[in-house]
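This report refers to the structure that appears directly beneath it.
The numbers here are math on the coordinates, done by the rules we state, and not lab data. This structure is a prediction, so every number in the text was calculated from the model and none was measured. All Cβ positions, even for glycine, are placed from backbone atoms using ideal geometry, and neighbour counts span all protein chains on display.
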Amino acid sequence: MPPQKNIEYLEKAKEQLKIGTAFYFTDFTGLNVKTLEKLRTEIKKNKGNYLVLKNTLGYLAMKNLGYDDTTIINLFAGPTGIAIAFDDPLVLAKILTSHKNLKIKGSFIEGKFFATEEVIEFSK
């Protein structure tokens with residue numbers, strides 16, 4: 001049985017993912033804490049949130065919301081952060097691609113999957 005705090009965190013993540021218009025999966029390796037906090041602040045100012053959670057919890061949250069196993073399993077390899085847009089998804093894409101050390105693994109925008117290259121292209 002998972003610890004209660006993990007169950008609570010999973011529920012909070014699912015609540016945010018339910019109302020998000022877009023989700024960007026990122027690898028934050030190479031970002032220090034100060035840079036990550038600046039990124040979070042910038043995302044929040046633009047009606048979004050940035051979650052860092054255990055891969056298993058992230059995977060379960062997405063799976064419980066009906067996302068395809070074969071797509072999401074690959075997004076949760078290695079350190080993973082999820083940027084959630086609650087408004088304009090393109091604004092968040094521009095913010096994320098402006099950070100050199102942040103790697104975008106893929107995205108779901110209004111339920112449709114977009115690969116890294118596509119996210120970079122429409123963020124221009």
Would you give the gap between the C-alpha center of region 6-37 and the C-alpha center of region 55-85, rounded to a whole Å? 10
If I model a spin label as a point 7 Å beyond the Cα along the Cα-Cβ vector, how far apart are those points for Thr71 and Asn32 in nm? 3.7
Quote to one decimal, in nm, the extra length available between Ile7 and Thr56 on full extension: 0.36 nm per residue of separation minus the C-alpha distance between them. 16.5 nm
0 to 90° range, to nearest 10: angle between helix 4-19 axis and the chain longest Cα axis: 50
How about region 58-124: which GluC sites (Glu not before Pro) there are in a DSSP loop, with at most 15 other Cβ atoms within 10 Å of their Cβ? Glu110
